[in-house]
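Participant: Pasting a structure below so you can have a look.
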Amino acid sequence: MTGFRMAAPLMALREGHSAAAVGMLLALFALAQVILALPAGRLADRRGIRRPLQLAIGVATFGALLALAWPVFGVLCVTALTSGAASCLTMTAVQRHAGKLAHDGTQLKQVFSWLAIGPSISNFVGPFLAGLLIDASGFRAAYLLLALLPSLAWFWARQLTEVPAQHSEAPGSSGSAWNLLRQPDLRRLMIINWILSSCWDVHTFLVPVLGHERGLSASAIGAILGGFALAATAIRLLMPWVAMHLRESSVIASAMVATALLFALYPLVHAPWAMGLLSIMLGVALGSVQPMIMSTLHQITPRHRHGEALGLRALAINGSSVVMPLLFGSAGVVIGVAGVFWAVGVVVGLGSQLARRLPRVDVA
């Protein structure tokens, strides 16, 4: 998905399509995940990990082969939908399966710390390999590679063993996924997750805008965003070893306070090195929270409904990725880029109070 998310818009731009058309193309990657988030969670709860992965690999391969055969804008839109759908099915099933492999709260934090490294690596590998092939042999060569990657995923997935179902996991026993939100702790966690997801979106969306206002070069802006991604990956590499000494609620609350302070400072600095330093610090703060959120989610949700809870989380994240850039862009016109940074900083700072109220529980 990350390879197509870079290659498809680039091809559309080179063929003369407008920025609005490219924006719509990018939105389709997230839109598919919004639509499938809850069904993917229910499927994972009912069928485990192997069947959702089989479906995801088939869908991803089909969409990639379509782009390979007919690399035109309309087909690329279909490929964006299939890539997003396959990613949603895969991540929900994998996260549910990984959570069930853990036996206590410490293992949950460690498992999800390791698991969070995967998307960080893919955000580099997919676009990097696609870019190399586009420059060397054209877009069709890149699409061929991307069509083969799902088969590599299946090579590893076929060795997975299903986690035995518990007696409480009877089909049809879960009811509506929205009923999960009646639990106050889960509601708080979903609000926190949405706030932090919005922080990722505002940084990715507004740093290029702020850099342009400061007169920074494209390479400088890219380096600032790259520092954020590298820092988020680095902290996730460390998390498996330090997770046993950390409490989820404390890490999340501290990260939210740090994010609020960094957002307050961002509009005040002009030098590229200073923006880069703030970007790295923000990457550390936001990169540390996903394992803690995932660990908390699995501890406060009934075991037979983990997939549905993960679906709700995916719905919030991808819905934010579709809506929030539009909101940030409109707000930036009214209150300016600095005003958006400060407004989001106030929201995330206030949200830290919710994090402190998260339960301190452990897995039985």
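Nothing in this text is a laboratory measurement; each read-out follows from the coordinates by a stated rule. Predicted model only: the values in this text are computed from it and were never measured. As a convention, Cβ positions derive from the backbone with ideal geometry for all residues, glycine included, and neighbour counts pool all protein chains shown.
Participant: Work out the FRET efficiency for Val334 and Ser18 from their Cβ-Cβ distance, taking R0 = 30 Å, and round it to the nearest 0.05.
Facilitator: 0.80
Participant: Run the dipole for the chain about the Cα centre, Lys and Arg Cβ at +1, Asp and Glu Cβ at -1, nothing else charged, and hand back the magnitude in debye, nearest 20.
Facilitator: 700
Participant: Counting only other residues whose beta carbon sits under 13 Å from that of His97, what net charge do I get with K and R as +1, D and E as -1?
Facilitator: Result for the local shell: +4.
Participant: Here is a further query. Go from 0 up to the bin containing the longest alpha carbon distance in segment 37-94, width 5 Å each, and give me the % of pairs per bin.
Facilitator: Calculated P(r), rounded to whole percents: 4, 24, 26, 18, 13, 9, 5, 1.
Participant: Okay, next question. Computed over the Cα atoms of the chain, what is the ratio Rg over Rh, Rh following Kirkwood?
Facilitator: That ratio is 0.96, to two decimals.
Participant: Which of Gly3, Leu13, Gly84 sits farthest toward the positive end of the charge dipole of the chain, with +1 on the Cβ of Lys and Arg and -1 on the Cβ of Asp and Glu?
Facilitator: Gly84
Participant: Taking the Cα centre of the chain as the origin and placing charges on Cβ (Lys, Arg +1; Asp, Glu -1), which of Leu265, Ala141, Trp154 is farthest toward the positive end of the dipole?
Facilitator: In the chain, that residue is Trp154.
Participant: Separate question: Rank Leu66, Leu25, Ala56 by how far each Cα sits towards the positive end of the charge dipole of segment 12-68 (+1 on Lys, Arg Cβ; -1 on Asp, Glu Cβ) and give me just the farthest.
Facilitator: Ala56
Participant: Pull out the extension gain between Ala220 and Val347, defined as 0.36 nm times the separation in residues minus the alpha carbon to alpha carbon distance; nm, one decimal. Intermediate results must be reported in sequence, preceding the final value.
Facilitator: Details: separation 127, 0.36 × 127 = 45.72 nm, distance 2.85 nm.
Taking 0.36 nm per residue and subtracting the Cα distance, the gain is 42.9 nm.
Participant: What percentages make up the Cα-Cα pair-distance distribution of segment 20-128 when the bins are 5 Å wide from 0?
Facilitator: Spelled out per bin, shortest first, that is 2, 12, 17, 21, 21, 13, 8, 4, 2, 1.
Participant: Could you give the alpha-carbon Rg of segment 178-259 over 2.2 N^0.38 Å, rounded to two decimals?
Facilitator: 1.41
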